[in-house]
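Report on the structure given below.
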């Protein structure tokens with residue numbers, strides 16, 4: 001059995017990670033989340049499991065993997081297997097509701113939000129909110145299922161088109177206006193800011209996935225920037241409190257107040273494509289060095 005196992009679902013996102021692991025001579029085995037089979041009587045496990053399961057799996061026909069992974073992570077942790085982004089982190093990954101509560105716990109400002117599990121409730125939930133509003137599947141990922149509504153009348157008329165995702169829960173959330181339409185993504189690894197990018201949409205939609213294999217009508221453009229100082233502190237605090245070993249934390253600067261407003265947390269954080277040109281280094285290499293340190297701490301890599 002390999003020292004390291006990687007639990008994942010997307011067929012292409014992790015090729016750069018696999019390549020860096022091979023370059024470093026780190027053996028690993030692949031656990032495909034959409035085709036899991038494991039024995040509860042098993043007594044031998046890898047020293048370390050890296051959880052790279054995506055909340056957008058259901059949108060690729062792999063929704064059956066979402067809750068199976070949650071159970072597997074609980075089994076691994078019950079057997080004292082070390083997991084990168086384990087059960088607690090995954091609970092935040094697949095629930096935007098829990099993400100909002102985590103941000104609140106660390107003192108971050110979040111958009112006004114209401115939660116529904118039935119489409120006819122959407123218009124009622126938006127009462128008292130400033131339009132436009134966004135309706136988001138609670139378990140989304142890559143902008144999947146997000147819709148914008150510019151008026152209460154439009155929301156009521158189109159309520160039946162709403163997509164609620166694999167857990168049949170959605171957020172009705174005020175849209176935060178920024179001066180230039182940009183948002184910011186702070187990558188956090190092992191309790192430290194790895195880098196921050198400014199994301200500017202040149203197209204339509206909400207898929208801001210930074211991976212090189214992502215195709216998005218939003219046509220996001222990524223530029224390395226220094227994060228807002230308060231936002232950097234908040235991102236690290238959220239990662240630590242949420243038990244997230246690696247994650248991307250996203251915020252918008254509200255042009256009305258100048259304050260960062262946090263709206264998304266990505267435990268499955270795809271590093272930006274063409275990273276050496278964009279951020280000046282290879283984050284996959286840094287990530288593999290982190291994994292090697294974790295393995296060394298478990299006493300199996302010298």
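Brief remarks on what is shown
- Screening residue 249 with (1) within 13 Å of the chain's Cα centre (by Cα); (2) in a strand (DSSP E or B); (3) modelled with pLDDT under 95 gives one miss only, at (3).
- Residue in the stretch 274-284 that is under 27 Å from residue 55 (Cβ atoms), modelled with pLDDT under 95, under 17 Å from the mean Cα position of the chain (by Cα) and outside any helix (DSSP H, G or I) present: no
- Among the conditions (1) without any contact (Cβ under 8 Å) to a residue 40 or more places away in the chain; (2) buried (at least 17 other Cβ atoms within 10 Å of the Cβ); (3) assigned to a loop (DSSP other than H, G, I, E, B), the only one that residue 111 does not satisfy is (1).
- Residues within the stretch 105-114 that are over 22 Å from residue 153 (Cβ atoms) and touching a strand residue (DSSP E or B) at 6+ places or on another chain (Cβ under 6 Å), tallied: 3
- Filter pass, residue 65 being on the phi < 0 side of the Ramachandran plot and more than 22 Å from the chain's Cα centre (by Cα): no
- Filter result for the condition that a residue is modelled with pLDDT of 95 or more and either farther than 26 Å from residue 245 by Cβ or not in a helix (DSSP H, G or I) (or both), over 83, 75: 83
- Taking the criterion of being in a helix (DSSP H, G or I), in contact (Cβ under 8 Å) with a residue 60 or more places away in the chain and out of contact with any strand residue (DSSP E or B) (no Cβ under 9 Å at 6 or more places or on another chain), the only residue of the stretch 86-104 that qualifies is 88.
The values are calculated or read from the model by the stated rules, or taken from the named source; none is laboratory data. Every value quoted in this text rests on a predicted model; they were computed, and no experiment measured them. Heads up, the Cβs are rebuilt from the backbone with ideal geometry, glycines too, and the neighbour counts pull from every protein chain shown.
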